[in-house]
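Enquirer: This is the structure, below, for whatever I ask next.
No lab work stands behind these numbers, since they all come straight from the coordinates. Please read these numbers as outputs of a predicted model, since none were measured by experiment. Glycine also receives a Cβ, built like all others from the backbone with ideal geometry; neighbour counts cover every protein chain displayed.
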Amino acid sequence: MSSDPEALVPDCYELREPAARRSAWTRRELLELTGAGLLIVVTAPTAEGQGAAAEGTLEARLHINEDGSITILSGKVEEGQGPRTELAMAAAEELRVPLERVKMVMADTALGPDDGITAGSRTTPGTVPAVRKAAATARELLILVSSRQLNLPRGSVEVRDGTVTAEGRSFSYADLAKSPELTAAYRQALPVDTPLTPPKDWKILGTPGIRLNGRDIVTGANRYPSDIVRPGMLYGSVLRAPSYGAKLLKLDTSQAELMQGVRAIRDGDFVGFAAKTAFAAREAVQAVAATAQWETAEQPSSDVLFGYLKERAREDPQRPRGSARGSVQEGLKQAVRRLKASYTVAYVQHAPMEPRAAVAEWKEGRLTVWAGTDNPYGVREQLAQAFHLEQDRVRVVAPDMGGGFGGKHTGEAAIEAARLARESGSPVSLRWTRSEEFMWAYFRPAALIEIEAGMDAANSIVAWDFTNYNSGTAAIDTPYRIGNTRVRFLESQSPLRQGSYRCLAATANNFAREAFTDELAEAAGRDPLEFRLSHLDNARIKDVLSAAAQRFRWVERRKDRRPGTGIGLACGTEKNSVVAACVEIEMDQASGSPRLVEIVEAFECGAILNPLNLRSQVEGCIMMGLGPALREEILFREGRLTNASFAQYRVPRFRDVPKIEVLLLDRKDAESAGAGETPIIVIAPAIANAVFHATGKRVRSMPVRAASG
């Protein structure tokens, strides 16, 4: 992993964890993956240390195949958020070829360039431009070669559908790629001044792009990490501790070793089994678990969590986390109204459709792992460290996987599978169970957030003091116009393993800020929409807030409240995109819990690359955001989870789906930003504010609990 994980994505606590303890690539294997022969081939790693093509060159990113198709290489991972289609669209746009002519090879450390971890909504602003630049460079080189062959000026050459045409003569891309001149240029550094197609001229980008492998998904042909099968493969299972922090003292594996076809592996506290079936491997674990003696460690419970976090929170004087403007103390002295409140946010699990899974195979001292991870290059580094290998002897492939949401940045399943495979002498498939995924995967951090603010006689906010304990800094700065602010993050000692989750700490920070902003609006006697607009200078946030409110008919519905219902709104910004939502909820009279009836969400992330996928991402954020807003929270006592199943930990069901309307604001004049995260941050605060509108009582916890008054 990076020596400074915070430089990658802030608040990725899982990337700080200590490590637990590229295979040679043949031309034949490469051709099998990329099609009917590459005319310009990436240089294979060799024993002499000659590496693959430099990542800043065209050959590291793009290949033209003999059949005229294009192969694009990327280190990004497809986990349902759409980069496979988006990157192919970017290449097709710049190369002037139909989308179906582009093939994608993704997330294979032996093939593609290291595009970094698939996190932080970075694929759109980071990798899409890299692919576009490579494709545009290839296009310009093909035009240059053809114009020289025809002895014509460059301006007289036209490119269309993968064919270069001038004065009645045509050259296919495949024909032109054979040129020695092009081959030489292909290995040079990409020029910095290659013109890209402006958004106003897009023909493929900006249009609805259907998922490239959508048919495979719906027919079951797609192979997820859980589906990988290797010759002679065994299935693995690992003995887990009964509680967090427990240490193994004594174990008898003799009964499991007598089971037919079962191989026992023990290395210190690591105990696992490999067998011909997953059932047999788990049966062996159950047999030895009955003999295990553990030394348990004292652990806090979720009942005392937030006091525990505050007591152990510390500010690092060498690395202060936050910002300040003006003087909060002076601002509070000038204020005629002062408010103070505390907000709590629970731990939640990612609950992906596919739990962690990996298949590991050793051959001649080289390790290949097919793993469900959105960090293949980081996992390759972890595996190399764990087994004392050079990184070029480790290959990690991340097949399209069944969801991650920030929860699969680490390689624990890959390392476990590799340990079982090395000791058993056979390839091993390890699939975590749902209970293992709940218990041992990392959680979205819990948070305690304290806010104090003051307003002057004109009801303008003149002081803002915001402190986040434990969760992080994402979206921690207020977007509102306030002269005196102090914003702080104090890291704490989390009792649970915690790490990245969709939009990181922005869900907590925006929940507290937007709920408290409503409290300020009430104290000022102002409408929540009007109050926000009067404090916003950010035109992009004002645009989405106004768009959502207008479509929702906020002003009219605010005046015409129905008994037992309420409306609320929230807005925010993160990762260079902006979002706002208006919601209607109804209160269940028996339980006192709200149910989301309708949501209108407006979102803007610059120039839209694929409106079909973007709409899906926003809708996915809305549905995922409902869970932590209304029900999802991890409960624990004495080092054990007390609700580690879908029967007890209730993610949203179909019956929870409200009426959803998504407004996409397309700004062709702005750089495209990622969209897989930010739309989630307004769900919880909008619901909390609607509960107040319905009941007159404030909600200061997430998930929404009994109103606090």
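Enquirer: Under unit Cβ charges (Lys, Arg +1; Asp, Glu -1), what dipole magnitude, rounded to 20 debye, does the chain have relative to its Cα centre?
Expert: 820 debye
Enquirer: Here's something else I'd like to know. What residues have an amide H closer than 5 Å to that of V271, excluding those fewer than 5 places away on the same chain, when H is modeled at 1.01 Å from N in the peptide plane?
Expert: L239
Enquirer: Once phi is turned into ³J(HN,Hα) by the Karplus curve 6.51 cos²θ - 1.76 cosθ + 1.60 with θ = phi - 60°, what whole-Hz value does each residue of the stretch 116-127 show in order, with x for glycine and proline?
Expert: x, 4, 7, 6, x, 6, 9, 5, 5, x, x, 7
Enquirer: How large is ³J(HN,Hα), in whole Hz, for each residue of the stretch 469-477 in order, when computed from phi with the Karplus curve 6.51 cos²θ - 1.76 cosθ + 1.60 and θ = phi - 60°, using x for Gly and Pro?
Expert: 9, 5, 7, x, 10, 4, 6, 7, 7
Enquirer: Kindly write out, for the stretch 75-87 in residue order, the coupling ³J(HN,Hα) from the Karplus curve 6.51 cos²θ - 1.76 cosθ + 1.60 (θ = phi - 60°), rounded to whole Hz, with x marking Gly and Pro.
Expert: Residue by residue, the stretch 75-87 yields x, 6, 10, 8, 10, x, 8, x, x, 4, 6, 5, 5 Hz.
Enquirer: What ranking do V157, V555, V218, V544 get, fewest neighbouring Cβ atoms within 10 angstrom at the top?
Expert: Placing the least packed residue first, the sequence is V218, V555, V157, V544.
Enquirer: How would you order 677-690, 527-540, 450-463 from highest to lowest mean count of nearby Cβ atoms within 10 Å?
Expert: Output ranking for 677-690, 527-540, 450-463: 677-690, 450-463, 527-540.
Enquirer: Add +1 for every Lys or Arg and -1 for every Asp or Glu among the other residues with Cβ under 10 Å from the Cβ of M233, and state the total.
Expert: Overall, the nearby charge balance is +1.
Enquirer: May I pose another question? Based only on other Cβ atoms within 10 Å, what is the fewest-to-most ordering of D227, D269, D115, D108? Walk me through the intermediate numbers first.
Expert: Working: D227 16, D269 12, D115 25, D108 20.
If I rank by nearby Cβ atoms, fewest first, I get D269, D227, D108, D115.
Enquirer: Here is a follow-up. Which whole number in µm²/s is D for the stretch 601-709 by Stokes-Einstein, with the Kirkwood Rh taken over Cα pairs at 10 °C and 1.306 mPa s?
Expert: Result for D is 100 µm²/s.
Enquirer: So what is Rg over Rh here for the stretch 196-325, counting just Cα atoms and using Kirkwood for Rh?
Expert: Computed over Cα atoms, the ratio is 1.23.
Enquirer: Taking only the Cα atoms of the chain, how large is their convex hull per residue, in Å³?
Expert: On the way: hull volume 122.7 nm³, N = 709.
For the chain, the hull spanned by Cα atoms encloses 173 Å³ per residue.
Enquirer: Students often forget the sequence filter, so: which lysines lie under 26 Å Cα-Cα from K310 once same-chain residues fewer than 8 apart are removed?
Expert: Cross-link targets: K340, K697.
Enquirer: Sort out for me the Cα centre separation of the stretch 101-172 from the stretch 235-313, rounded to whole Å.
Expert: Measuring centre to centre over Cα atoms gives 51 Å.
Enquirer: May I pose another question? So what's the gap between the Cα centers of the stretch 463-490 and the stretch 337-368, to the nearest angstrom?
Expert: Each part reduced to its Cα centre gives a spacing of 25 Å.
Enquirer: Continuing with the same structure: Once amide H atoms are built 1.01 Å from N in the peptide plane, which residues 5 or more positions from G572, or in another chain, come under 5 Å H to H?
Expert: HN-HN under 5 Å from G572: V579.
Enquirer: Amide H neighbours of E598 under 5 Å, counting only residues 5+ apart in sequence or on other chains, H built in-plane at 1.01 Å?
Expert: Close amide H contacts, sequence-distant or interchain: E584, K659.
Enquirer: Could you name the lysines whose alpha carbon sits less than 23 Å from that of K76, not counting residues in the same chain fewer than 8 places away?
Expert: Leaving aside lysines fewer than 8 places away in the same chain, those within reach of K76 are K103, K133, K408, K575.
Enquirer: How much net charge surrounds A463 when only other residues with a Cβ under 10 Å from its Cβ are counted (Lys, Arg +1; Asp, Glu -1)?
Expert: -1
Enquirer: Can you pull the Rg over Rh of the stretch 439-520, Cα-only, Kirkwood?
Expert: Ratio of gyration radius to Kirkwood radius: 1.05.
Enquirer: Taking neighbour counts of Cβ atoms within 10 Å as a proxy for exposure, in what order, fewest first, do L609, L62 appear?
Expert: Ranking L609, L62 by Cβ neighbours within 10 Å, fewest first, gives L62, L609.
Enquirer: Which values of log₁₀ I(q)/I(0), to two decimal places, follow from the Debye formula for the stretch 328-421 at q = 0.12, 0.17, 0.19, 0.21 Å⁻¹ with a uniform point scatterer at every Cα?
Expert: Values returned for q = 0.12, 0.17, 0.19, 0.21 Å⁻¹ are -0.48, -0.72, -0.85, -0.98.
Enquirer: Let me ask something else about it. Which listed residue (Q493, A647, L58) has the Cα farthest towards the positive end of the charge dipole for the chain, taking +1 on Lys and Arg C-beta and -1 on Asp and Glu C-beta about the Cα centre?
Expert: Highest projection toward the positive end goes to A647.
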